[in-house]
Structures are given as C-alpha cells and as structure tokens.
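The values are calculated or read from the model by the stated rules, or taken from the named source; none is laboratory data. Keep in mind the model is a prediction, meaning the values are calculated, not measured. Reconstructed Cβ throughout: ideal geometry from the backbone, glycine too, with neighbour counts over all protein chains shown.
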Amino acid sequence: MSRPELRLVLAISLDGRLAPAEGGAAQIGGRGDRQVLEEALAWADAVLLGAQTLRLHGSTCLIHRPELLEQRRAAGRRLQPLAIVVSRSGAIPAELPFFRQPLRRGLLLLATPSPPEADQAPPGFDHRWGCANWGDALAALQAAGVERLGVLGGASLAASLLAENLVDELQLTLCPRLLGGPHSWLPASAGVDLASQGGWHLREQRALEGEELLLRYRRS
C-alpha cells in the first residue's frame with residue numbers, strides 16, 4: 001500500500017447521529033465503546049482528529065487498559081499513538097487540556113495552496129506538516145513512519161477522506177440512543193459520491209457492554 005491504512009472510528013446513535021440535535025461535544029458511547037476505541041488506538045501508529053472536534057472536546061482519547069499498553073511496549077512502540085490535529089488555519093487554543101496529555105502531537109495544515117514550510121513545529125506540537133491535499137498529506141505521514149492511521153472525527157474530516165475513497169475500514173459502535181437533529185456522521189451536504197464507494201464487507205460484529213454493538217466493515 002502506497003499510503004497508510006485508514007480506519008474510521010466512530011460511535012453513532014441508532015439513527016446515525018454523532019451528536020445531539022443542539023450540537024456540542026458528542027458523548028454517545030459508553031463503556032463498551034470505550035473498550036473498542038482503546039483497541040483501535042492500540043492498533044494505530046497515529047490518529048487524526050479535526051481541529052473543531054478538538055476545540056469542542058478539549059482533549060483526545062488515550063489508551064488506559066494495561067494489557068493494551070503492555071502489547072505496545074512489548075512491540076517496541078510508544079504507549080500512545082501520535083495525535084495529529086487536522087486544520088486549515090492552525091489556530092488551536094494553547095490552553096486546551098490536549099497540550100497536557102502524555103502523548104506526542106502533530107499538526108497537519110491542509111490547505112490549497114500548500115501552507116509555507118516551517119523549520120520546526122509550532123509550540124505544543126512535536127511535528128508539523130503543510131500539504132495541499134490528502135494525497136500529499138498521507139504520503140508525508142507514511143514517510144514519517146505512519147502505516148496505520150485511525151480517524152477519530154468529526155464528520156467533516158471523515159467526509160473529506162471518504163470523498164476521496166481513502167477510508168479502508170469502518171469501525172462503528174452502534175449506541176442504543178435516538179438523537180434526531182442534523183448531525184449525521186455522513187451528512188448529505190458532504191458531497192461524497194456514494195456510488196464510487198463500492199461494497200463493504202463485514203469483518204467483525206461484537207455485542208458490547210451497555211447494549212452497544214461493534215460493527216467493523218472493510219472496503220471491498
């Protein structure tokens with residue numbers, strides 16, 4: 001594969017929503033979702049999260065389960081995957097708890113034309129990439145050693161990757177709630193050509209704690 005493998009990891013309601021109708025930070029998943037989310041983090045070399053999602057939540061997810069941390073340690077990997085914030089402006093509030101979390105941080109400036117290069121990452125970040133498109137961005141991440149990339153949202157970030165047929169796997173936790181409202185995980189306004197997506201094959205289904213259900217699909 002000439003780019004990292006991408007796995008989109010989301011918790012969604014029964015009606016396919018990421019957040020309540022009034023918006024704000026999504027807190028849909030329960031303990032079952034947390035379990036499989038940490039498994040996805042343990043799989044990943046790095047994770048992508050949108051700048052607006054980070055602003056709403058203030059921090060990203062960490063691996064806490066001892067057996068997953070030990071697996072990464074035994075494999076010679078860092079305990080937490082690299083957390084890469086995707087932004088067009090680079091305006092990330094420095095007071096967010098994210099900057100105090102025990103992990104490495106990267107900033108991916110995705111804009112056309114490509115943002116000017118900098119000699120070093122901005123304060124709070126360990127790495128910085130400026131790219132004009134997803135093709136260049138994923139090539140740069142792979143060159144930096146990222147082979148497995150988790151995508152943690154939000155919807156705009158997910159849609160931009162799906163629009164270019166770059167998502168290889170969907171990991172969806174179906175949560176027993178109905179939320180209504182406009183915040184679908186793949187909104188109609190995203191402009192994704194669904195006909196180009198092809199089929200998806202079920203790789204795993206698992207009943208989770210709290211009446212949640214893991215569904216993991218691989219693109220054909």
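Has the range 32-43 got at least one residue that is buried (at least 19 other Cβ atoms within 10 Å of the Cβ) and modelled with pLDDT under 95?
For the range 32-43, residues buried (at least 19 other Cβ atoms within 10 Å of the Cβ) and modelled with pLDDT under 95: absent.
Just checking, does the range 29-36 include any residue being β-branched (Val, Ile, Thr), more than 23 Å from GLU147 (Cβ to Cβ) and assigned to a helix (DSSP H, G or I)?
Start the filter on the range 29-36 by keeping residues that are β-branched (Val, Ile, Thr), which leaves 36.
Applying the additional criterion that residues be more than 23 Å from GLU147 (Cβ to Cβ) yields none.
There is no residue in the range 29-36 that is β-branched (Val, Ile, Thr), more than 23 Å from GLU147 (Cβ to Cβ) and assigned to a helix (DSSP H, G or I).
Is it the case that the range 143-163 has a residue that's over 22 Å from LEU82 (Cα atoms) and either modelled with pLDDT of 95 or more or over 15 Å from the mean Cα position of the chain (by Cα) (or both)?
yes
Out of curiosity, is LEU62 assigned to a helix (DSSP H, G or I) and modelled with pLDDT of 95 or more?
Numbers: assigned to a helix (DSSP H, G or I): no; modelled with pLDDT of 95 or more: yes.
Considered against the rule, which asks whether it is assigned to a helix (DSSP H, G or I) and modelled with pLDDT of 95 or more, LEU62 comes out as no.
Determine the pairs where a residue that is at pLDDT below 75, located within the range 15-31, has a partner that is surrounded by 15 or more Cβ atoms within 10 Å (Cβ to Cβ) with Cβ atoms under 6 Å apart, the partner being 6 or more residues away or on another chain.
ALA25/HIS57; ALA26/LEU18; ALA26/ALA19
Quick one: which residue in GLN52, GLN71 is polar (S, T, N, Q), part of a helix (DSSP H, G or I) and either closer than 23 Å to SER160 by Cα or free of Cβ contacts under 8 Å to residues at least 12 places away in the same chain (or both)?
Working: GLN71 fails: either closer than 23 Å to SER160 by Cα or free of Cβ contacts under 8 Å to residues at least 12 places away in the same chain (or both).
After applying the criteria, what remains is GLN52.
Do we find a residue being polar (S, T, N, Q), in a helix (DSSP H, G or I) and either in contact with a strand residue (DSSP E or B) (Cβ under 8 Å, 6 or more places away or on another chain) or surrounded by fewer than 20 Cβ atoms within 10 Å (Cβ to Cβ) (or both) anywhere in the range 1-21? Before the answer, list the steps.
Initially, the range 1-21 is screened for residues polar (S, T, N, Q), giving 2, 13.
Subset that is in a helix (DSSP H, G or I): none.
No, there is no match, as no residue in the range 1-21 is polar (S, T, N, Q), in a helix (DSSP H, G or I) and either in contact with a strand residue (DSSP E or B) (Cβ under 8 Å, 6 or more places away or on another chain) or surrounded by fewer than 20 Cβ atoms within 10 Å (Cβ to Cβ) (or both).
Check the range 146-164 and report whether any residue there is at positive phi and surrounded by fewer than 19 Cβ atoms within 10 Å (Cβ to Cβ). So that I can check it myself, show each step before the final result.
Keep residues of the range 146-164 that are at positive phi, which gives 153.
Subsequent filtering for residues that are surrounded by fewer than 19 Cβ atoms within 10 Å (Cβ to Cβ) retains none.
Looking for residues that are at positive phi and surrounded by fewer than 19 Cβ atoms within 10 Å (Cβ to Cβ), one finds none in the range 146-164, hence no.
What's the total number of residues in the range 164-182 that are out of contact with any Leu (no Cβ under 7 Å at 6 or more places or on another chain) and either modelled with pLDDT under 95 or part of a helix (DSSP H, G or I) (or both)?
The number of residues fulfilling the criteria is 6.
Residue under question is ALA137, and the condition is that it be of a type in the set (A, V, I, L, M, F, W, C) and either closer than 21 Å to THR60 by Cα or at pLDDT 95 or above (or both); does it hold? Steps first, please.
Numbers: of a type in the set (A, V, I, L, M, F, W, C): yes; either closer than 21 Å to THR60 by Cα or at pLDDT 95 or above (or both): yes.
Yes; evaluated as a whole, the condition is true for this residue.
Counting only residues that are under 17 Å from the mean Cα position of the chain (by Cα) and of a type in the set (A, V, I, L, M, F, W, C), how many does the range 175-189 have?
Final tally of qualifying residues: 2.
For the range 142-158, how many residues are in contact (Cβ under 8 Å) with a residue 12 or more places away in the chain and more than 27 Å from PRO187 (Cα to Cα)?
Here is the first cut: in the range 142-158, the ones in contact (Cβ under 8 Å) with a residue 12 or more places away in the chain are 142, 144-158.
Remaining after also requiring more than 27 Å from PRO187 (Cα to Cα): 142, 144-147.
Matching residues across the range 142-158 total 5.
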